[in-house]
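Asks: I have a structure here, written as structure tokens, and I will follow up with some questions on it.
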Amino acid sequence: MSTRILHLTLGPVQGFIAQGRRTRDLWAGSFLLSWLTGQAMKTVIRNCGRIIFPVVHDIDKKPTDDLLKAIMDGTSCQPLIGTLPNRFKAEIPDDFDPVKCKAAMLEKWLQLADAVKRRFLCPVQGFGQGTLTIWDRQINHFWDINYVIGPVSNDKSDSLWLDARKYWQTAFPPAEGGDHCAMMGEWQEVSGYVRAKNAEEQDRFWKQMRDRVGTLNLRDRERLCAIALVKRLFPCLGEDVFESIIGWIPGGYHKKIRNWPSTAYMAAIHWIERAGKQSEAAQRYVQCVEKLVVEPVRGETATEIECLKGIGTLAKLDGSLFFVAELANPRATSFEIPEGEANDSASNPNRKLAIAALEELQEGIGAATPFYALLMMDGDHFGRLLRDGDPEDLSSKLAKFSELVPCHIREKSGALIYAGGDDVLALVPLEDAIPAALALHQDYVHAFDDAAATTSAAVVYAHYHIPLRTVLSEAHDLLKYVAKERNGRDSLAISVLQGAGKTIEWVSTWTAGTDASPPRLLVDLAKEFGKDKQFSNRFFYNIRNRFGMLTDDRDVLIGGVDPVQLLTAEYLKNREQRVATEEAEVQVKKLYQVCQSHRKSEPGRHTLGVDGALLVRFLANKSEV
């Protein structure tokens, strides 16, 4: 039987994954995208085809990827993380119609969406205005599925087919009117009301929805479209629905897919670890919180974080309850109002007790940092590698890398969102983000054992109050425009986001000429500074002016100037304890190296910026820039 080549892609990716307001939304989007792509792969395999890239089955067509294995038989494993990319290349029989792949994906999507609609929307649709019409319009017209088929060839020109196909615009979603979704702004929220005219009716509809799904699953002022509601609510469906539609319960049990750590929780992880060792003080705080807060234990808190196993109830509290500012703000937390008290949580006497108990718990270990890290990683020039190399060999190496990703993120107390092919997305505590990125980079390099196979990464340190989609957007831009385009790839880019916006942006290649690694130097310097304050705060402020003297208007180092000598003098001047000049030079040389830019594209051109020094200070202090 003659064969042909099929390339297929499912989108929109960013419009489905990145547009989320909670960590569970990120997981839900990436999992569903992988799961739906797996339906198309399953259709190819069941019709005597073979997936060429990525390599997801052996020569006998038995799946080797856990997610595809579960899709094919539904019993052998119960994977939690999406591991299948949204595009694949396959060898298909000449008589195979790719429309079957499209039909298989849409069938599963419609089944899952219908289960969400019947369980959560239909009982309240009478409070809306054309709600079911809006739902059906959006669900039926969201996905953009593209495929190209052609003859088998040995010149690898088929790798360009799908990219060329994308220039043919064929997906035209219906125009959306009304008020827009709070999560996916280009789509209409499903109540059907326009707030300017029918605010009361709109509020009544969404109150009915919140009463049905719970305030944790639908917060106040969250008015969502159909696609966002499927992402948000499908984890709340019953186990029987998972078994019948998805085929298994992701992660093995229902609680696992509903329990995703909030950004506040991710920021506090290592503080919880330290606080849990103060058993009596921790127990007192838990008791105070249970008297104060309506729902102290929330479903979003993680129970799978490695370093928190055995901590007890403290580790199950809602993430916001580890910060005094949240307890002190009556609007931030749903407080219990004691009988006889005014309906004003600010006058609640239990609030003062809880704050005092938390401050006692902070004695000796300090307050929790309000910053967490989002880590995003992507292979460099992978399309070029695919065109020049053997797709099956490359895919096998990718699979080897992907197998190691969950272990590293687990060891670094993180929450893995996606690990498919050369892409990784994870939430990690502040202290662990750069070590995790370094470990993943090393695994990628070792898996390929090829100098042409490099990877770039972005780490965004963000305050937990900053909207998650803002952090995701920053990570995408940092990876694409800073690490890859501006710095020539094979790089790590880091930024710090606070309420006032971006305060630090730093980028460097993984190594700098010699065996030195600027990212690793960042970690080492932060530990040293945090341990004994080797660099004073005044020193960090003063070097901003010194760097202005050492560089031109493009931050390029001026010739004939010895920056190490000048910075060493500044360092010695601001030391509270006297140290030898030689010892001071060792530390300053490390700091100087992370303040230089190390570019893949321009290895001989050195610029000097203060952001490297400020990043060291931020990592050491964990709360100040």
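The values are calculated or read from the model by the stated rules, or taken from the named source; none is laboratory data. All figures in this text were calculated on a predicted structure; none of them were measured in a lab. Ideal geometry is used to build each Cβ from the backbone, glycine not excepted, and the neighbour counts take in all protein chains shown. What goes into the accessible areas is simple: the full protein's heavy atoms, side chains included, and nothing from ligands, DNA or RNA. Shrake-Rupley method; radii C 1.70, N 1.55, O 1.52, S 1.80 Å.
Asks: To the nearest 20 debye, what is the magnitude of the charge dipole of segment 201-320 about its Cα centre, counting +1 on the Cβ of each Lys and Arg and -1 on the Cβ of each Asp and Glu?
Replies: That gives a dipole near 220 debye.
Asks: Hey, which of these cross-link pairs are over 31 Å Cα-Cα: 397/600; 102/484; 42/400; 108/256; 255/400; 256/400?
Replies: Working: 397/600 24 Å; 102/484 33 Å; 42/400 22 Å; 108/256 22 Å; 255/400 29 Å; 256/400 26 Å.
In this structure, 102/484 exceed 31 Å between Cα atoms.
Asks: Rounding to the nearest 20 debye, state how big the charge dipole of segment 105-151 is about its Cα centre with +1 on each Lys and Arg Cβ and -1 on each Asp and Glu Cβ. Each step should come with its number before you reach the end.
Replies: On the way: 5 positive and 4 negative charges, 38 e Å.
Around 180 debye, computed over segment 105-151.
Asks: So which aspartates and glutamates can residue 316 reach, going by Cα to Cα under 18 Å and dropping same-chain residues fewer than 8 places off?
Replies: 273, 280, 290, 295, 300, 304, 306, 326
Asks: Going by average Cβ density within 10 Å per residue, which order do the peptides 581-587, 179-185 take, highest to lowest?
Replies: On the way: 581-587: 14.3, 179-185: 18.3.
Result, highest mean Cβ count within 10 Å first: 179-185, 581-587.
Asks: If packing is taken as the average number of other Cβ atoms within 10 Å across a peptide's residues, how do 218-230, 57-69 rank, most packed first? The partial results should precede the final answer.
Replies: On the way: 218-230: 20.6, 57-69: 16.0.
Descending mean neighbour count gives 218-230, 57-69.
Asks: So who's got an amide H within less than 5 Å of the one on residue 144, skipping anything under 5 residues away but keeping other chains? H placed 1.01 Å off N, in plane.
Replies: Under 5 Å from the amide H of residue 144: 11.
Asks: Would you mind giving the average projected area, over all directions, of the Cα convex hull of the chain in nm² with one decimal?
Replies: 32.0 nm²
Asks: Which ³J(HN,Hα) values, rounded to whole Hz and listed in residue order, are derived for segment 459-467 from phi using the Karplus coefficients 6.51, -1.76 and 1.60 in 6.51 cos²θ - 1.76 cosθ + 1.60 with θ = phi - 60°, glycine and proline given as x?
Replies: 10, 10, 8, 10, 5, 5, 7, 6, x
Asks: Also: How large is ³J(HN,Hα) for each residue in segment 276-292, as worked out from phi by the Karplus curve 6.51 cos²θ - 1.76 cosθ + 1.60 (θ = phi - 60°), to whole Hz, x for Gly and Pro?
Replies: Computed from phi, the couplings for segment 276-292 are x, 7, 8, 4, 5, 5, 5, 5, 4, 5, 4, 5, 5, 5, 5, 7, 9 Hz.
Asks: Tell me, what HN-Hα J-couplings in whole Hz come from the Karplus equation 6.51 cos²θ - 1.76 cosθ + 1.60 at θ = phi - 60° for each residue of segment 131-136, using x for Gly and Pro?
Replies: Coupling constants for segment 131-136: 4, 5, 5, 4, 4, 5 Hz.
Asks: Which shape class, rounded, prolate or oblate, goes with segment 204-323 when its Cα gyration tensor gives a ≥ b ≥ c as root eigenvalues, a/c under 1.5 marks rounded, and past that a/b bigger than b/c marks prolate?
Replies: On the way: a/c = 2.53, a/b = 1.54, b/c = 1.64.
Verdict is oblate for segment 204-323.
Asks: If packing is taken as the average count of other Cβ atoms within 10 Å, what order do 37-43, 360-366, 15-21, 143-149 fall into, highest mean first?
Replies: On the way: 37-43: 24.1, 360-366: 14.9, 15-21: 21.6, 143-149: 18.6.
The densest-packed peptide leads the list: 37-43, 15-21, 143-149, 360-366.
Asks: Long-range amide H contacts for residue 598: which residues qualify at under 5 Å (H placed 1.01 Å from N, peptide plane, sequence gap of 5 or more or a different chain)?
Replies: For residue 598, the qualifying residues are 509.
Asks: Tell me, what is the FRET efficiency for residue 465 and residue 60 to the nearest 0.05, using R0 = 51 angstrom and their Cβ-Cβ distance as r? Don't jump to the answer; show the numbers that get you there.
Replies: On the way: r = 52 Å, r/R0 = 1.02.
Calculated value: 0.45.
Asks: Hey, can you grab everything whose amide H is under 5 Å from the amide H of residue 551? Only 5+ residues off in sequence or another chain; H modelled, so Pro and N-termini drop out.
Replies: The answer is 558.
Asks: I want to check the label-to-label distance for residue 132 and residue 245. Put each point 7 Å from Cα in the C-beta direction and report it in nm to one decimal.
Replies: In this crude spin-label approximation the distance works out to 1.7 nm.
Asks: Can you send over the carbon and sulfur percentage of the accessible area for the chain, probe radius 1.4 Å, protein chains only? Mind showing how you got there, number by number?
Replies: Values: 12850 of 26820 Å².
Whole-percent figure for carbon plus sulfur exposure: 48.
Asks: Then there is this: Using +1 at the C-beta of Lys and Arg and -1 at the C-beta of Asp and Glu, which of 6, 407, 27 has the Cα lying farthest in the positive direction of the dipole of the chain?
Replies: The Cα lying farthest towards the positive end belongs to 27.
Asks: Among the Cys residues of the chain, which have no other cysteine Cβ under 4.7 angstrom away?
Replies: Cysteines lacking a close Cβ partner in the chain: 48, 77, 101, 122, 236, 288, 307, 407, 595.
Asks: At residue 203 and residue 279, where each label point lies 7 Å from the Cα along Cα→Cβ, what is the point-to-point distance in nanometres?
Replies: Placing both labels 7 Å beyond Cα along the Cβ direction yields 5.0 nm.
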